[in-house]
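Reading through the structure tokens given below for one structure.
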Amino acid sequence: MGLIRLERVDFGYGRARVLRGLDLAVPERAITVLVGPSGSGKTSVLRLIAGFEAPARGAIEIGGEVASRDGRVLLPPEARGVGMVFQDLALWPHMTVRQTLEFVLGRDPAGEERRRRIAETLEAVGLGRHAGARPAQLSGGERQRVALARAIVTRPRILLMDEPLSNLDPPLRQALIEEIRRLQQALGLTILYVTHATEETFRLADRAAIMRDGRIEQAGAPRELYERPRSAFVASFLGPCALLPARIRGSRAETALGVLALSDTGSEGDGLVVIRPEDVLVSEEGPFGGRIERAVSLPSAWQAEIAGAGWRLSALLAEEPKPGALVRFAVRRVAAVPKEA
């Protein structure tokens, strides 16, 4: 069922329609990553769940209770048990870390419970030594931790995160991805995390939902989406791949490259096959042959473009290939998707 459910949700600003009949289930005590290109409606989903907006049509349920339906907010934001981390952090520059948490808590709880709650939160995000610092005195990573602390100090059951790491350098981003995962497990949080970065999707998500034009294109475990995409859009969005026109016949695909065995039985008729670079195995015994046209150096391999009559794909090689060289190869895994209009 999911702790959060959106059912046939439409939403827009004026005449601009942002979400179109969107269905989404967010499981409890897990990290769901909502990923898609800019303008696909990801942030609007968060704002609807938080209660900042109401859907024009459709319903939003939280914990089995209808929170919004058909233009009405039935459960106010403060009653939803939701914490939110914004992309721009929106920290108060005049407040120390401790003052920020004090302000968010308001008057409840009080006394020893209040002091304990703040101390535990600061310890959870690694800011115990910086309780008296203001945002200008903190590094980018520390400011990000303040935003996390502010969101979890009220002990929400749901944490919404809107591209919180987009402005950080890669090493710091990776460290905070691990921190978010640790916090989720330690506190038993349900997290809905918005990003356009596939790296964050694979490193964070228990479940991922790919958005396109205000709808969910496909949802499932990240590895499942990568290996068994249902559309050319999902296949291309999640990583580099070749999309070759094909005639699908059950578990086989007839292409300009040759006949390929499919990972799953596809629908009969015209379609596309998805071939990822790591599934192209260069070997002298390979059944297919082509010519290397160019190669790009990656951190741990070379990505070579191999082409033949009517087809082109990429392969990962351990050594730098020579442009123009002829190579033999096999294809390990092939998925089939429909042609797009």
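You will find that of Glu61, Glu28, the residue that is crowded, with 18+ Cβ neighbours inside 10 Å, touching a residue at least 40 places away in the same chain (Cβ under 8 Å) and under 30 Å from Arg203 (Cα atoms) is Glu61 and no other. Screening Val85, Val97 for residues that are under 18 Å from Ile158 (Cβ atoms) and buried (at least 17 other Cβ atoms within 10 Å of the Cβ) leaves exactly one candidate, Val85.
Here Asp70 clears all of (1) modelled with pLDDT under 95; (2) surrounded by fewer than 20 Cβ atoms within 10 Å (Cβ to Cβ); (3) under 28 Å from the mean Cα position of the chain (by Cα) except the condition numbered (1).
Right, Leu257: crowded, with 19+ Cβ neighbours inside 10 Å, over 30 Å from Glu7 (Cα atoms) and in contact with a strand residue (DSSP E or B) (Cβ under 8 Å, 6 or more places away or on another chain) or not? For Leu257, the condition - crowded, with 19+ Cβ neighbours inside 10 Å, over 30 Å from Glu7 (Cα atoms) and in contact with a strand residue (DSSP E or B) (Cβ under 8 Å, 6 or more places away or on another chain) - is met. Just one of the numbered conditions (1) charged (D, E, K, R); (2) buried (at least 20 other Cβ atoms within 10 Å of the Cβ); (3) in contact with a strand residue (DSSP E or B) (Cβ under 7 Å, 6 or more places away or on another chain) is not true of Glu278: (2). Checking each residue in region 285-325 for being within 16 Å of Leu260 (Cβ to Cβ), under 34 Å from the mean Cα position of the chain (by Cα) and free of Cβ contacts under 8 Å to residues at least 40 places away in the same chain picks out Ile306, Ala315. Annotation note: Cβ proximity below 7 Å between a residue of region 253-278 that is on the phi > 0 side of the Ramachandran plot and a residue that is assigned to a strand (DSSP E or B) and surrounded by 12 or more Cβ atoms within 10 Å (Cβ to Cβ) (sequence gap 6+ or interchain) occurs for Gly258/Phe288; Gly269/Ile248.
Listed here are the residues, each with its yes/no results for (1) within 21 Å of Pro240 (Cα to Cα); (2) surrounded by fewer than 21 Cβ atoms within 10 Å (Cβ to Cβ).
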{"residue": "Gly188", "(1), (2)": "no, yes"}
{"residue": "His196", "(1), (2)": "yes, yes"}
{"residue": "Thr201", "(1), (2)": "yes, no"}
{"residue": "Asp206", "(1), (2)": "no, yes"}
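Of all the numbered requirements in (1) closer than 24 Å to Thr121 by Cα; (2) in contact (Cβ under 8 Å) with a residue 60 or more places away in the chain; (3) exposed (fewer than 15 other Cβ atoms within 10 Å of the Cβ), Pro240 misses one, and that requirement is (1). Residues in region 309-341 that are of a type outside the set (D, E, K, R), surrounded by fewer than 15 Cβ atoms within 10 Å (Cβ to Cβ) and part of a strand (DSSP E or B): 2 in all. The residues of region 216-229 that are basic (Lys, Arg) and surrounded by fewer than 17 Cβ atoms within 10 Å (Cβ to Cβ) amount to a single one, Arg223. Every test in (1) touching a helix residue (DSSP H, G or I) at 6+ places or on another chain (Cβ under 9 Å); (2) at pLDDT 90 or above; (3) within 22 Å of Val45 (Cβ to Cβ) is passed by Ser166 save one, and that test is (2).
Counting only strands (runs of 3 or more DSSP E) that sit completely within region 193-296, those holding 1 or more residues that are modelled with pLDDT of 95 or more and closer than 30 Å to Arg8 by Cα correspond to 207-212, 215-220, 269-275.
Of the residues making up region 118-133, those that are touching a residue at least 12 places away in the same chain (Cβ under 8 Å), part of a helix (DSSP H, G or I) and closer than 18 Å to Gln144 by Cβ are Thr121, Leu122, Ala124, His130. Being acidic (Asp, Glu) and either within 26 Å of Tyr193 (Cα to Cα) or under 24 Å from the mean Cα position of the chain (by Cα) (or both): is that true of Asp108 here? Considered against the rule, which asks whether it is acidic (Asp, Glu) and either within 26 Å of Tyr193 (Cα to Cα) or under 24 Å from the mean Cα position of the chain (by Cα) (or both), Asp108 comes out as no.
The values are calculated or read from the model by the stated rules, or taken from the named source; none is laboratory data. Here the structure is a predicted model, which is why all the values come from computation and not from measurement. Don't worry about glycine lacking a Cβ; one is built from the backbone with ideal geometry, like all the others, and counts go over all protein chains shown.
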